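In what follows, a single structure is set out as structure tokens and then discussed.
Only the coordinates and a few stated rules stand behind these numbers; no lab work does. Bear in mind the structure is a predicted one, so any value in this text is a computation, not a measurement. A quick note on method: Cβ atoms are made from the backbone with ideal geometry, for glycine too, and the neighbour counts reach across all protein chains shown.
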Amino acid sequence: MIRHIALQTQHGSLHGRLGLPEHPRGLILIVRAHRLDEDHLTAAEFEARGYATLSIDLLTTQELQFVDATQNVPRLAQRLLDVLDLIRNDGDMQTLPLGLFANGDTAPAAIRCAAQRDIQVKALACHGGLIDRSGVQSLELMVAPLLMLFDHDDELAPAAFQRAARHLGGPHETRRLAPLDKPLPAVASWFARHLRA
């Protein structure tokens, strides 16, 4: 089943898609500032593995016109908290164990939200991103298991992780992807280990 979702904010509507296979083993929230072409492929892979998926924009079309919009960690985090509230109150999603899959700019916001919603968020995977921008308090408070994936030629995200690692309070692992590796198999394996009904 596919549901289209709209979340109202004071700056406009955020639009998303919920993919709900029969008897899902968990829910994976694909955390993006705005929709990417590969999102539907990512969702399809997770759904083929038995997960429900929710992909929803965290920024409105108008906000994306600002150059630094995707760097605004407080705004992205607040929007993500709004999405987590939506999940918590939705009959199709509220009982499913929840994992967050963040990419790049949304990784710091995902960590902030996982720290604040430590009962709701069961696991987190980030593909790149400067997670030290989430703040020391969030890093220390987060208990959800964290998987950090780095592209083979990414030097910024590993450096940010090294700055953040000494503050991480919960379990965490890192992996550097080979040039032709896709992140999805590693992320799916992580969620298989940590998302339990």
Practice item. Go through the stretch 27-54 and give me each residue that's among the hydrophobic types (A, V, I, L, M, F, W, C), crowded, with 17+ Cβ neighbours inside 10 Å and more than 12 Å from the chain's Cα centre (by Cα). Key: 43, 46, 52
Review point. Is it fair to say residue 15 is surrounded by fewer than 16 Cβ atoms within 10 Å (Cβ to Cβ) and at negative phi?
Key: yes
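Let's see how each residue does on (1) in contact with a Pro (Cβ under 7 Å, 6 or more places away or on another chain); (2) part of a loop (DSSP other than H, G, I, E, B); (3) small (Gly, Ala, Ser); (4) buried (at least 19 other Cβ atoms within 10 Å of the Cβ):
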site	(1), (2), (3), (4)
107	no, no, yes, yes
122	yes, no, no, yes
148	no, no, no, yes
157	no, no, yes, yes
161	no, no, no, yes
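To keep it simple, each residue is scored yes or no on (1) in contact with a Leu (Cβ under 8 Å, 6 or more places away or on another chain); (2) closer than 20 Å to residue 115 by Cα.
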residue: 139; (1), (2): yes, yes
residue: 147; (1), (2): yes, yes
residue: 152; (1), (2): yes, no
residue: 155; (1), (2): no, no
residue: 159; (1), (2): no, no
residue: 173; (1), (2): yes, yes
residue: 177; (1), (2): yes, no
residue: 182; (1), (2): no, no
residue: 188; (1), (2): no, no
Review point. Which one is nearest to residue 96 (Cα to Cα) among residues in the stretch 26-65 that are touching a Pro at 6+ places or on another chain (Cβ under 8 Å) and part of a loop (DSSP other than H, G, I, E, B)?
Key: 26
